Amino acid sequence: MKGLLIDFRHAARAIRRSPGFSLISIAILALGIGANTAIFSLVDVILFRELPIHEPANVVRLFAEGNDPGGLSTSSYPSYLDYRDQVSSVEDLAAYSSGNAMNLTVDERAPERVSGAIVTGNFFEMLGVKASVGRMISPLDDVPGGGAVVVLSDRLWSEKFGRETSILGKTVRLNSETFTVVGVAPREFWGLDLDEPAQLWVPMSMTAAALPQYAAEMIGDRRFSWLDVVGRLREGVTIEQAEAEIRAIGVRRSASQQMADPLGTLRPANGVARGTSNATDAMTRISWILLAVVAVVLLIACADVAGLMLVRSERRQHEIALRLAMGSGKARIARQLLVESLLLSVVASVGSIFVALWCVRAFLLALPPDFSLPFQVATNVIDLRVLTLTAAIALVSTVIFGTVPAVRGMRSELLPSLRNETSRGSRRSRSAQGFVVLQVTLAAVLLVAAGLLVRTLIEVSAVNPGFEPAGKVVATIDLARAGYADTERPAAWARILEEARRLPGAGAAALGKTVPVQSSGMRHSVRIGGYTPPPGTFPNVDLNIVTPGYFEALGVPILSGRDFTETDVEDGRAVVLINRAMADRYWPGRNPIGQWIGELEAEVIGIVANVRNRSLRDEPAPMAYRPLSQLGMSGMTLLVSSARPEGAMTRELTETVRAIDPDLPLFDVWSLRRKLGFAMAQERLLTSLLGAFALLGLLLAAGGLYSLIAYRTELRRKEFGIRMALGAERRMILSSVLRESLALTLTGLVLGIAIAAALTRFAAALLFGVSPLDPITFAAAAVLLLAAGAVAGQIPARRAMNTDPATILRHE
């Protein structure tokens, strides 16, 4: 122990004697470790953490088997009650619905849109989740007249109430109802779905207040599937045994009800949180890619520091030889060098915490709406779990960059080092050359990956969305959540449209249930006369509810037929418009106008151009449009076109609706151009992030290359002086150094291109309009790396070219 303390004191003195080397090494390591710490804190919940509940391994999710193979669906409330009362292998069953938009009003502030969850009274008790303040929702709350109570998430409590414990008993408004706050959930609990973290929870008995537009169907209709069901297995019961009982109950129910009951599949709750939907699949894929990228950056940083350590250790050969001559063992020398590496890592890891905090803060500020990763529930950088990882990374980094210099120290030869025979350094620098090649290789992989994302962003930006976004403003309005009864809504919508059209410079104005892009919309099954679907499938189309003038306001042409009119509801004839994609799929070579669509029970009166409603990446899907007058909706998006500046229009639109009803809030008031930008926000953010890491890797690789070439050039100064004294031209010296720099760069480049070609296929799902082996991207990465290699070799090459032969010969 005493010897180790002495080693640490010697290491500290050695580091202080070389402040330039030490600061550079610490800065490089702090960047590498900090980047890994930051990304780990962001993806920890997605990839590694178990659900923050009691014994999560025993908790299962209960699903209906969907129409698609392997598909999972939700359950109706009556179905949940049946299974809760009949199943014996599961200790308790609870149900919930997350991701529900609610209007939250605190004191007299303007309402804000939050994501709320509706839960049965036994939900928290079954999961074993205890409140950090107050209490959670209990079975006594989930009964008729049980009381309007709400539990806040820790994040919402912090943001809206400043973490005041006096929050208990305080009243807030959810939609148009008053709720009493009874507790705050623990900080780590966000719910059971990563893609829909909840900000608050209300009991199932308050469904009518939380979701007023669908309350009747949600509670009483067995065909209305909207609930996720979760339970805890009894001790000693396996998931297979419980599923067998669930299926048996389903068979009995189907027989008694004379209808098929699809409920009957169990999944571990931990696994479900990370992978039952496209959203969670995307989360996992992006998270692993981010982790891989920062791991590559860390390797580049470690290789850079290893190269610096090797160069420094060779310059200390005389010092090491003296210590050997004075009786120090080679193992002691190696341990000393390893302790120096460890000390550098320890200091760098402390600095990396500040780097990570800054990176996370900057990343969250740049986060676009609807980003696929739930970073609002990210692990804090200061969390013990993250700090432990930081320490582990520091130790691993020490092994990576400190082992080779330590081994070199053990192989030091006494007599040559005492004579200052450092010419052998050129042979010893082969390890340093290897580290430089490794850096260039990894930098090439990062550059190719960043380049592919840049190309993807360009391709996505060039996609025609099917409408003209310029000069249009959108805003979300929900009448039901503001307390409007069914009978009051038609007049309210008409008044809002009338006032919107009166705005200065306003053109067309209309309402749509969804407005592209990034609108999931609704799906509806249909029956088409003369169309026979493939066996085992049933036609489904996207459905949007709009008012007359919607297509004019959006800038979408009607290709044939006509638009909706106000008289469509008066004559009682159900009508529908379809897009070109639906016409081509179900009526190829025929005119669909006048045709009847079963299930929608409406006649086709027109065909409109395709619009990319869900995503710019996806080809337009078959879509049907129904008039709002025939299908009442409480939540709609207002769309207004105008020749005036979009910023002025958003302000005036907000003021206009506030003048109609001060208690009717507008949400997501944006220009359509900005909303379209959100559709590319994920590509833009990932491109920026990976581009920044690739640039960092390139700079580190160029710095490592420069350090090595500069050192080797210094060793060869005598050789250069003699060659020039014998008549060699200075440009020959320049080309000699540049050739070495470019040779190392080219070696790493070839390896990097080969590795990138093998790996990019794993990121194919993130690409659009570009091949994983895109030759333009690979060529651009090669040119950039070769240019960096040339620049890194220029400075030491010119220094060598300016060597004075007379000075060299005089010293000889």
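The values are calculated or read from the model by the stated rules, or taken from the named source; none is laboratory data. Just so it is clear, the model here is predicted, and its values are computed rather than measured. Methodologically, a virtual Cβ is constructed for each residue, glycine included, from the backbone with ideal geometry; neighbour enumeration extends over all protein chains shown. For accessibility, only protein heavy atoms count, side chains too; no ligands or nucleic acids. Shrake-Rupley method; radii C 1.70, N 1.55, O 1.52, S 1.80 Å.
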> For S629, are the conditions met, namely being surrounded by 18 or more Cβ atoms within 10 Å (Cβ to Cβ) and within 17 Å of V515 (Cα to Cα)?
Replying inline: no
>> Looking at the structure I just gave you, is P557 under 25 Å from E459 (Cα atoms), surrounded by fewer than 19 Cβ atoms within 10 Å (Cβ to Cβ) and over 33 Å from the mean Cα position of the chain (by Cα)?
In response: yes
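Residues are listed down the side, and each one gets a yes or a no for (1) modelled with pLDDT of 85 or more; (2) of a type in the set (K, R); (3) in a loop (DSSP other than H, G, I, E, B):
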position: S166; (1), (2), (3): yes, no, no
position: F179; (1), (2), (3): yes, no, no
position: F189; (1), (2), (3): yes, no, yes
position: S205; (1), (2), (3): yes, no, no
position: P212; (1), (2), (3): no, no, yes
position: F224; (1), (2), (3): no, no, yes
position: V237; (1), (2), (3): yes, no, yes
> Can you tell me which residues in the range 585-629 are closer than 18 Å to V546 by Cβ, out of contact with any Asp or Glu (no Cβ under 7 Å at 6 or more places or on another chain) and of a type in the set (S, T, N, Q)?
Replying inline: N610
>> Against the definition (modelled with pLDDT of 85 or more and assigned to a helix (DSSP H, G or I)), how does L310 come out, yes or no?
In response: no
>> What's the total number of residues in the range 191-203 that are of a type in the set (A, V, I, L, M, F, W, C) and at pLDDT below 85?
In response: 1
>> If I ask for residues that are over 16 Å from R580 (Cβ atoms) and within 33 Å of the chain's Cα centre (by Cα), which ones from the range 539-549 would you list?
In response: P539, N540, L543, I545, V546
> Can you spot a residue in the range 71-88 that is crowded, with 19+ Cβ neighbours inside 10 Å, touching a Gly at 6+ places or on another chain (Cβ under 9 Å) and modelled with pLDDT of 90 or more?
Replying inline: no
> When the range 758-771 is examined, which residues are found to be open to solvent by less than 60 Å² (accessible area, probe 1.4 Å), in contact (Cβ under 8 Å) with a residue 60 or more places away in the chain and either among the charged types (D, E, K, R) or out of contact with any Lys or Arg (no Cβ under 9 Å at 6 or more places or on another chain) (or both)?
Replying inline: T760
> Of the residues V119, V143, V149, V184, which single one is surrounded by 20 or more Cβ atoms within 10 Å (Cβ to Cβ) and over 28 Å from the mean Cα position of the chain (by Cα)?
Replying inline: V149
>> modelled with pLDDT under 90, open to solvent by less than 50 Å² (accessible area, probe 1.4 Å) and in contact with a His (Cβ under 8 Å, 6 or more places away or on another chain): which single residue out of L600, L616 fits that description?
In response: L600
> Is it the case that D571 is open to solvent by 60 Å² or more (accessible area, probe 1.4 Å), more than 39 Å from the chain's Cα centre (by Cα) and either at pLDDT below 90 or among the charged types (D, E, K, R) (or both)?
Replying inline: yes
> Somewhere in the range 514-526, is a residue touching a Pro at 6+ places or on another chain (Cβ under 7 Å), surrounded by fewer than 19 Cβ atoms within 10 Å (Cβ to Cβ) and not acidic (D, E)?
Replying inline: yes
> Which residues, taken from the range 135-164, are in a loop (DSSP other than H, G, I, E, B) and of a type in the set (S, T, Y)?
Replying inline: S138, S153
> Going through the range 46-64 one residue at a time, which ones are in contact with a Pro (Cβ under 8 Å, 6 or more places away or on another chain), open to solvent by 10 Å² or more (accessible area, probe 1.4 Å) and either of a type in the set (K, R) or not in a loop (DSSP other than H, G, I, E, B) (or both)?
Replying inline: A57
> Looking at the range 22-29, is at least one residue farther than 18 Å from A392 by Cα and in contact with a Lys or Arg (Cβ under 7 Å, 6 or more places away or on another chain)?
Replying inline: no
>> Suppose we keep only residues that are open to solvent by 30 Å² or more (accessible area, probe 1.4 Å), within 18 Å of L695 (Cα to Cα) and of a type in the set (A, V, I, L, M, F, W, C) within the range 450-465. Which one would you say is modelled with the lowest pLDDT?
In response: L457
> Of the residues in the range 216-248, how many are without any contact (Cβ under 8 Å) to a residue 24 or more places away in the chain and open to solvent by less than 50 Å² (accessible area, probe 1.4 Å)?
Replying inline: 2
> If you scan the range 606-643, which residues turn out to be under 16 Å from I496 (Cβ atoms) and in contact with a strand residue (DSSP E or B) (Cβ under 7 Å, 6 or more places away or on another chain)?
Replying inline: L628, M633, S634, G635, M636, T637, L638, L639, V640, S641, S642
> Among the residues of the range 727-744, is any closer than 30 Å to G451 by Cβ, assigned to a helix (DSSP H, G or I), out of contact with any strand residue (DSSP E or B) (no Cβ under 6 Å at 6 or more places or on another chain) and open to solvent by 70 Å² or more (accessible area, probe 1.4 Å)?
Replying inline: yes
> Applying the selection to the range 658-673, what residues are within 12 Å of A475 (Cα to Cα) and either without any contact (Cβ under 8 Å) to a residue 12 or more places away in the chain or acidic (D, E) (or both)?
Replying inline: D668
